[in-house]
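Chemist: Handing you this structure, nothing more for now.
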Amino acid sequence: MLDLRFSDAELDERRDHITNFVREQVEDAGADGVVLGLSGGIDSTLVAYLAVDALGTEDVHGLVLPARVSADDNMSDAERVARELGMSFDVIEIEPIVDSLLGAYPEAEGDRMAVGNARARVRGVLNYLVANHEERLVLGTGNRSEGAVGYFTKYGDGAVDCHPIGNLYKAQVRQLARHVGVPENLAAKPATAELWEDQTDEDEMGFDYETLDTILASHIDGPLSADTTAREHDLDVETVEKVRRMYERSEHKRRAPPSPDPLE
């Protein structure tokens, strides 16, 4: 697989680049700080560490937003991160809100994808409710790998003011997390969006992040053809082509909603 790791000097440069970015976003918006959702996973944990580094504990507010399908250890990890960083946080159960949505439209009951995406969108609404009330920005926790294949909920976890780690592949997220002091049990933790019970990112996508990162860096972001990427990295060409299809089909998620071209 392709080695995407940074050198120590590059890690310091990335950390400084991201923390400066967060400060600039807050200053340019005239905001009083930031809000972010804490899932107990590596992405939100790294963003929390970098946000506190950039702004200090007073200007970072975390939201732990458990649902019926949330694993207890993930929620405990989310709270532990907030406490260890010394940042303020609130715990808000989202399932009563999701149940209200299904009460209004019971036809969606049992539709795993629709209900899972509704959970992500409820979390997004709560992030903005708190952010608007406190005059803060909402920080995204998505990474480059997820963004490229559309592995996020449109107007859910994709509804944010900025993406501090949006240019880092998943392997680089884990490496930078270790560099800034995130505990190893969190840095190595399997990723899950927790949209339904026992869901993991890699099981749903059908390949691991190491494979995804390699294909993205070589074929989607890089110059290699699908056949060459498969041959050079000992991958099935079908997997490379699957990633290409995911990238193309999720283009709408990475763009603002389109309007018709103006009439001449």
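The values are calculated or read from the model by the stated rules, or taken from the named source; none is laboratory data. Fair warning: this is a prediction, and the values are worked out from it, not measured in the lab. Neighbour counts are summed over all protein chains in view; Cβ atoms, including those assigned to glycine, are modelled from backbone coordinates with ideal geometry.
Chemist: Among the residues of the stretch 66-124, how many are of a type in the set (F, W, Y) and surrounded by 12 or more Cβ atoms within 10 Å (Cβ to Cβ)?
Modeler: Within the stretch 66-124, residues that are of a type in the set (F, W, Y) and surrounded by 12 or more Cβ atoms within 10 Å (Cβ to Cβ) number 1.
Chemist: Report yes if some residue within the stretch 79-95 is in contact with a helix residue (DSSP H, G or I) (Cβ under 6 Å, 6 or more places away or on another chain) and part of a helix (DSSP H, G or I); otherwise report no.
Modeler: yes
Chemist: Here is a further query. Restricting attention to the stretch 117-147, report how many residues are in contact with a Ser or Thr (Cβ under 8 Å, 6 or more places away or on another chain) and either of a type in the set (S, T, Y) or touching a residue at least 60 places away in the same chain (Cβ under 8 Å) (or both).
Modeler: 3
Chemist: Report the residue count in the stretch 22-50 for those that are assigned to a helix (DSSP H, G or I) and under 17 Å from the mean Cα position of the chain (by Cα).
Modeler: Residues that pass the stated criteria total 10.
Chemist: Next question. If you take the residues of the stretch 125-141 that are among the β-branched types (V, I, T) and in contact with an Asp or Glu (Cβ under 8 Å, 6 or more places away or on another chain), which of them is surrounded by the fewest Cβ atoms within 10 Å (Cβ to Cβ)?
Modeler: Result: V130.
Chemist: Inspect the stretch 189-201 for any residue being under 14 Å from the mean Cα position of the chain (by Cα), part of a helix (DSSP H, G or I) and not assigned by TED's automatic domain parsing to the domain that holds Y128 and give the result as yes or no.
Modeler: Looking through the stretch 189-201, at least one residue is under 14 Å from the mean Cα position of the chain (by Cα), part of a helix (DSSP H, G or I) and not assigned by TED's automatic domain parsing to the domain that holds Y128.
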